[in-house]
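Only one structure is covered here, and it is reproduced in the block below.
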Amino acid sequence: MLALGTLEDLPADYREKLTRQNLVPLWPSLRSVLPPGKPALRTQPILWSYQALRPLLLQAGELTPIEKAERRVLVLANPGHGLEKMQASSSIYLGMQLLLPGEWAPAHKHTPNAVRMIVEGEGAYTTVDGEKCPMSRGDLILTPTGLWHEHGHDGKDPVVWLDVLDLPLVYYMEASYVTEGKAQEVSATMNERGYARGGVVPAPVFSRSSDRRYPMLRYAWSDARSALLGLAESQPGIDAVQVAYVNPETGGDCQNILGFSALMLRPGETLKLPARSPAMVFHLIEGGADVEIDRALFNLSPADTCCAPGYTPVTLKNRSSEQPAFVFIADEAPLHKKLGVYEVRA
Ligand code: 1HN
């Protein structure tokens, strides 16, 4: 590839004239915005150990009352983007949130989409669009763009969950903002019960289809886990024992920008994922797994979280030859597919 002219090749007075007119020559920067063959990846493979972050999160509970935090979160930031950017990847934000017994995180709605993956503790709930969603380990709760949400806690022990948002992308788009509100009235609990069996959906008065854009807000871990075990048992030849969290009315991704799935690594299984353009996040729900990303090797224990840049092959390995391991995955695939830049490399 031909070497292009640099800024220094240009006379200083010419460069000054350009700057004064808010003009920039493209050629000195062309190779860096359009590198050959593969993008320049800022996202680094990073592991956030739960054992290391948990005491710091609990300490935040002592240092900062909920009224002074609104959301008490330690952000899982990728140093490749600069910690202050609060990004795990180009489009994924991750944070570990702590809610203590009796605390309340007030209602608001915002343009970025969020999901919560519950990590530990019982008795907390989040109310989304009037639906009260109880939180237990492994449950996935959606807070799609524009829906009111608030969190409460009637239990006895601290509750922690992993927040996954498309905030970096929406912020980059200059489209990120919040609206504060008052406590919601609970109008429904457990709407998801109507969708608890694949293939049958609520059809009131025979008029199929819900008028809700997000008909299902809570995906119980007990259901996802038994779906994975059932899949492993009924289809022993399947490449990957994986289920996607989808909109049960459309079968499509459950949110617009990020995709979510759960993976079971069978005892002794090693799973090689091809290099794909979207970045990915892995959060271990149960068991023990090794994750190899480029030259990085992470040994995940339960509640550990790691991220992989796009265009990079990933190998997942169950450390146990007797027990399955269960992994929650978030990725940027819906975004890449909608924008037409999605790639899988052999
Ligand atoms: C948010 O609304 C929550 O509602 C958590 O719990 C984390 C991070 C950035 C922007 C909004 C929540 C968030 C957030």
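General observations
- About its Cα centre, region 75-186 has a charge dipole of approximately 140 debye under the convention of +1 per Lys or Arg Cβ and -1 per Asp or Glu Cβ, with nothing else charged.
- Computed from phi, the 3J(HN,Hα) profile of region 278-295 under the Karplus parametrisation 6.51, -1.76, 1.60 (θ = phi - 60°) reads x, 6, 9, 10, 10, 10, 7, 8, 8, x, x, 9, 9, 10, 10, 10, 6, 8 Hz, with x in place of Gly and Pro.
- Overall dimensions of region 200-324 as given by Cα atoms, namely Rg and Dmax in Å: 16.6, 57
- Convex hull volume per residue for the chain, taking Cα atoms only, in Å³: 182 Å³
- Lysine pairs in the chain whose alpha-carbon atoms fall under 21 angstrom of each other, counting only those eight or more residues apart or on distinct chains, come to 10.
- Across the chain, the mean sequence separation of Cα contacts (distance under 8 Å, 6 or more residues apart), normalised by length, yields a relative contact order of 15 percent.
- Reported to the nearest whole Å, the Cα centre-to-centre distance from region 1-26 to region 76-127 is 43.
- For region 197-268, with +1 on Lys and Arg beta carbons and -1 on Asp and Glu, the positive-most of Pro204, Asn256, Ser234 along the dipole: Pro204
- Cβ-based charge dipole, region 134-207, positive-most Cα from Gly194, Met173, Leu147: Gly194
- Sequentially through region 331-337, phi angles give Karplus couplings (6.51, -1.76, 1.60; θ = phi - 60°) of 8, 9, 4, x, 4, 4, 5 Hz, Gly and Pro residues having no value and appearing as x.
- GluC sites (Glu not before Pro) within region 1-97: DSSP coil, no more than 14 neighbouring Cβ in 10 Å: Glu70
- Relative contact order [Cα under 8 Å, 6+ residues apart], region 172-319, whole percent: 17 percent
- Convex hull of Cα atoms in region 120-227, direction-averaged projection (nm²): 8.8 nm²
- Cβ crowding within 10 Å, taken as a proxy for footprinting-reagent exposure, orders Val200, Val128, Val205 from fewest neighbours to most as Val205, Val200, Val128.
- Between the residues Phe298, Ala325, Val314, the greatest Cα displacement towards the positive end of the dipole of region 298-346, with unit charges on the Cβ of Lys, Arg, Asp and Glu, is found for Val314.
- Relative contact order for region 241-346: 36 percent, from Cα pairs under 8 Å spaced at least 6 residues apart, divided by residue count.
- The ranking of Thr250, Thr145 from fewest to most other beta carbons within 10 Å of each one's beta carbon is Thr250, Thr145.
- Compactness relative to 2.2 N^0.38 Å, alpha carbon Rg of region 30-96: 1.47
- With at most 16 neighbouring Cβ atoms within 10 Å, loop chymotrypsin sites (Phe, Trp or Tyr not before Pro) (DSSP) excluded, longest segment of the chain: 1-176
- Basic side chains Lys and Arg get +1 at the Cβ, acidic Asp and Glu get -1 at the Cβ, and with that the dipole of the chain about its Cα centre reaches some 620 debye.
Bear in mind that the values in this text are calculations on the coordinates, not laboratory data. Worth saying up front: this structure is predicted, and the values here are computed from it rather than measured. Ideal geometry is used to build each Cβ from the backbone, glycine not excepted, and the neighbour counts take in all protein chains shown.
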